[in-house]
Amino acid sequence: MSVTCSIIVLSLNAAAALSGRSVRTWQRRAEEGVVQRLADGRALVPADTLQPLVLVALGDDGLQWLEPADGGDAQAQAQVGALLALAALQPDGHGEHDERARACLVQAA
């Protein structure tokens, strides 16, 4: 399954959690027009805007879980947490995850 970043949008809270930037920073970006606002006033951050700020390389394995996790899906939240934890254990902190990590991410799928 191939996931395109540009079709994934996340809340300001999720963007703040993944990027290490504050919610207020993301609110300012929405006010400046960098982040899209919906008709109902909610601001959503496209994943392709967020991805360079995330210290972990998010491949298709991770991207597929972001929106459901942001929406409150506990299983997806656990999968994203596992991805971030496994990435943190990588010697260089970046790059592709090994087969054990991939197995953990798709185990519940």
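Computed from the coordinates by the stated procedures, all read-outs in this text should not be read as laboratory data. Note that the structure is a prediction, hence the values are computed from the model and not measured. All Cβ positions, glycine included, derive from the backbone under ideal geometry; neighbour counts span all protein chains shown.
With θ taken as phi - 60° and the Karplus curve 6.51 cos²θ - 1.76 cosθ + 1.60 applied, the whole-hertz 3J(HN,Hα) list for the stretch 37-48 is 10, 7, 4, 7, x, 5, 9, 10, 9, x, 4, 5 Hz, x standing for glycine and proline.
Amide H to amide H distances under 5 Å link residue 10 with 45, 47, where only residues 5 or more positions off or on other chains count and H is placed in the peptide plane. With the simple spin-label model, which puts each label point 7 Å out from Cα in the Cβ direction, the residue 85 to residue 60 separation comes to 2.6 nm.
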